[in-house]
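Quick notes on the structure that follows.
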Amino acid sequence: MSSKLTRVVVGALVVAVALGFTHAWLNLGFDPLRAVGLKKQVVEEEKFKVGFLPVTCHLTCPVSDWIRKNMQGRGLFEPVRFSGWPELKEAHISGQTPATFILAPMAMALRQQGIKSKIVFLGHRDGSALMVRKDSDIHDFKDLRGKRVAVPNRFSNQFLIIYKALKDRGMSIDDLQIVEMPPPDMPAALYAKAVDAIISGEPFMAQTELDGYGRVLYQAKELWPNFISCVLAVNDDFMKKNPQKVQDLVTGIAKSGLWLEGGMNHRMEAATVVATQYYNQNPRLLRFVLSKPPDRVTYGNLRLARGEFDHIMNLALEAGILKQPIAFEEYADTRFSENTTGAGPYPWKG
């Protein structure tokens, strides 16, 4: 082989090797410096996703993330905001969000349908209201007979509040015209008189009051003391593989709730940060609902209690949400909740 031909062959080989390395580096994630030990490999553990909606039922999710980032420099999980219940539910079923805040009856129904997920903690207590127009002649629950009442969906505890209130007064669900409606659409529907009453989690109910045309007919706790709307549910496989992460998540939610109960200054600071950085809402709405009155939404004592869930399950069964009874142990795992006993609030001063 001539020297000229040899140079051509060698040059071609060099080009081929260079192109191969470039392809591996750019497209296959291969780092030649790391391969020969010239570069230290740094791998940051991927954070798991937690689903939430921009409602006060789920406020402890962003609050826990925000406080942890300020105290430790990074969050434990990645909060993922959804616009409605259907999208949030499907993301959890598909495994996109190993943990999610979800409606309590919906979590039970999903478990009954074979979805391997269990309730591990509460979202909050009390935070719902039944609203009517300020100029309405509806002043008592019985005045709702024959009226159009909007609920989030039939799997919501707000639907069960209505069902329970009717039952307590010797009425039936047939005495009302129930309309299923996404909570963000409810204020406009009440303003336009498309419905006579609306009920959902905050802050959408408070919006009607803040804007001057809504009036509280009943707070949730007046119709159902210690009312529970939303819960924190976690995928079974994720719990089995990552029990400490689940415990850290639950403990963080508990500590965030206690921090929110630590004074109005905490609530107002959280309202500003969460509204602007997580909810994409005007802070005045969260400020209003977290302060008018201060116990409108509460975040203490979020541990699981079998008796409360048995009551929800029995009502859901009676209302046709569940097809058959389901044991507490089938849809709930209390070990993480029990480990929050004695936990204090985050020592975050803001």
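Numbers at a glance
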read-out	value
In nm, spacing of pseudo-spin labels at Q113 and S94 (7 Å Cα→C-beta vector)	1.5
Ascending count of other beta-carbon atoms within 10 Å, so fewest first, for D135, D236, D211	D135, D211, D236
Reference-scaled alpha-carbon Rg (2.2 N^0.38 Å with N residues) for the chain	1.27
Taking the chain and dividing mean pair separation by its residue count, relative contact order in percent (alpha carbons under 8 Å, at least six apart)	23
Neighbour-count ranking [beta-carbon atoms within 10 angstrom, fewest first] of D65, D333, D140	D140, D333, D65
222 nm mean residue ellipticity, helices alone, for the chain (DSSP H n ≥ 4; -39,500 (n - 2.57); rounded to 500)	-12500 deg cm²/dmol
Size of charge dipole - the chain - debye, nearest 20, with Cβ of Lys, Arg +1 and Asp, Glu -1, no other charges	1100
Mean shadow area of region 181-231, taken as a quarter of the surface of its Cα convex hull (nm²)	3.8
Under-5 Å amide H pairs with L122, H placed in peptide plane, nonlocal only	L232
Set of aspartates and glutamates with alpha-carbon distance to K349 below 17 Å, sequence-local pairs under 8 removed	D65, E261, E269
Inter-label distance, nm, simple model (7 Å from Cα along the C-beta direction), R306/S83	4.3
Relative contact order of region 191-350, pairs being alpha-carbon contacts under 8 Å that are 6 or more residues apart, as %	27
Region 196-281 - Rg over Rh from alpha carbon coordinates, Kirkwood radius	1.05
Partner lysines for K118 [C-alpha distance under 24 Å; skip if fewer than 8 residues away on the same chain]	K47, K49, K89, K240, K241, K245, K255, K323
Sorted by Cβ density within 10 Å, fewest first, the residues M186, M264, M181	M264, M181, M186
Span from the region 94-162 Cα centroid across to the region 224-260 one, whole angstrom	19
Relative contact order for region 271-350, counting Cα pairs under 8 Å that sit 6 or more residues apart, in percent	19
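Taken together, the values in this text are just the output of simple stated rules run on the coordinates, not laboratory data. Since this is a predicted model, take the numbers as computed values, not measurements. Reconstructed Cβ throughout: ideal geometry from the backbone, glycine too, with neighbour counts over all protein chains shown.
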